[in-house]
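**Q** Following this message is one structure expressed as structure tokens.
The values are calculated or read from the model by the stated rules, or taken from the named source; none is laboratory data. Given the structure is predicted, the values throughout are model-derived calculations rather than measurements. Please note: Cβ atoms are built from the backbone with ideal geometry, for glycine as well, and neighbour counts cover all protein chains shown. Heavy atoms of the whole protein, side chains included, go into the accessibility calculation; ligands, DNA and RNA do not. Shrake-Rupley method; radii C 1.70, N 1.55, O 1.52, S 1.80 Å.
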Amino acid sequence: MPLINMSQMLRKARAEKYAIGAFNILDYNSMKAVIETAQELKSPVIVQTSEKTVRFWGFRPIITWIRELTNNSDVPVAIHLDHCKNLDFIKNCIDAGWTSVMIDASSKPFEENLELSRKVVEMAKPFGVSVEAELGEIGGIEDDIIVNEENAHLVNPEKAQIFLKNVDVDCFAPAIGTAHGVYKGKPKIAFDRLKIISNNTDIPLALHGGTGLSEEVFKNSIALGCAKINISTQLKYAFIDGFVGYYNAKPNEYNPLTLIDAQFKMLKKSVKENIQLFGSTQKA
Ligand code: 13P
């Protein structure tokens, strides 16, 4: 199945009350783990790349890997650029074959965020590329995007309504108290704000900062319109623990492919757990 954008798959997910996992990949092995697991579970999936990962490998290798891995796949797969503030970089991803992009102008004043998000929609739509935008500011660290606690702030639901009336995005990420990285305490999620937003729009919502959230938080968020759930940190842990764990168990083996395979299996386990939690199994 060719790569598709996020629009249709997220609308279906929101209508049928499940969420699609958006997994931040790190290399070919992690991308393969995401796509193979989605195929085994017959689930749609979003392969997500940070700007840092794309800069590390280059546009063409990533697009070549994903086309190769989805060639014989029969589940819907989108390739999405995660948080990006740089319009030239977004344009390069669109030109290279990304099917979806996120403009993160959430650190800018409201009008400027709206204006930049509109510009990206104008850039992306003629190519059938879907767009995600953010309002409020999600805290924590996601590769090169660092938002300190004092800058993180929750979305204002009235502003969200104005925002969504004025820009035609396919997915909306409201800051509701989740954060990127590892949670220090129990996160306080602003379900009240999420409820107002989801009552006012049928645009699929994105839940960021998925690593470390409870099953209950996932269930409540999905019930309130979240159709895309982002998982990054958990895959970084699986990536390193899978590799190092194997080496520590067999330090004298020195067979790189068995290490890579151990990493692959740990990544798949992590992706599987999440897809099952989000309820998208058999929804392809
Ligand atoms: P985590 O790193 O907490 O899983 O968050 C991922 C994310 O929201 C990427 O945008």
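**Q** Between helix 157-166 and the chain, what is the angle of the helix's C-alpha long axis to the longest principal axis, kept within 0 to 90° and rounded to the nearest 10?
**A** Helix 157-166 sits roughly 90 degrees off the main axis of the chain.
**Q** Ignoring any ligand, DNA or RNA, what whole percent of the accessible area of the chain comes from carbon and sulfur when the probe is 1.4 angstrom?
**A** 53
**Q** May I ask you to list the GluC sites (Glu not before Pro) in the stretch 136-174 that are in a DSSP loop and have at most 14 other Cβ atoms within 10 Å of their Cβ?
**A** Glu149, Glu150
**Q** How far apart, in nm, are two points set 7 Å out from the Cα along the Cα-to-Cβ line at Asn248 and at Asp202?
**A** Label at Asn248, label at Asp202, 5.1 nm between them.
**Q** What is the P(r) of the stretch 149-284, as percent of Cα-Cα pairs per 5 Å bin from 0?
**A** All Cα pairs, binned at 5 Å, distribute as 2, 9, 17, 17, 15, 13, 10, 7, 5, 3, 2, 1, 0 percent.
**Q** Something else about it: In whole Hz, with x marking every Gly and Pro, tabulate ³J(HN,Hα) for the stretch 142-148 from phi via Karplus 6.51 cos²θ - 1.76 cosθ + 1.60, θ = phi - 60°.
**A** So the J values, rounded to whole Hz, are 10, 6, 8, 8, 10, 10, 5.
**Q** Please sort by residue number the trypsin sites (Lys or Arg not before Pro) in the stretch 114-185 whose DSSP state is loop and whose Cβ has at most 14 other Cβ atoms within 10 Å.
**A** Sparse-neighbourhood loop trypsin sites (Lys or Arg not before Pro): Lys184.
**Q** For the stretch 13-51 and the stretch 122-172, what is the centre-to-centre distance using only Cα atoms, to the nearest Å?
**A** 21
**Q** Using Cα-Cα distances under 8 Å and only pairs 6 or more residues apart, what relative contact order does the chain have, in percent?
**A** Over the chain, the number comes to 23 percent.
**Q** How large is the translational diffusion coefficient of the chain in µm² per second when you combine the Kirkwood radius over alpha carbon pairs with Stokes-Einstein at 25 °C and 0.890 mPa s?
**A** 130
**Q** When ligands, DNA and RNA are left out and all protein chains stay put, how many square angstrom of accessible area per residue does the chain have with a 1.4 Å probe?
**A** Result: 45 Å² of accessible area for each residue.
**Q** Let me ask you something else. Over all directions, the average projected area of the alpha-carbon convex hull for the stretch 72-202 comes to how many nm²?
**A** That works out to 9.4 nm².
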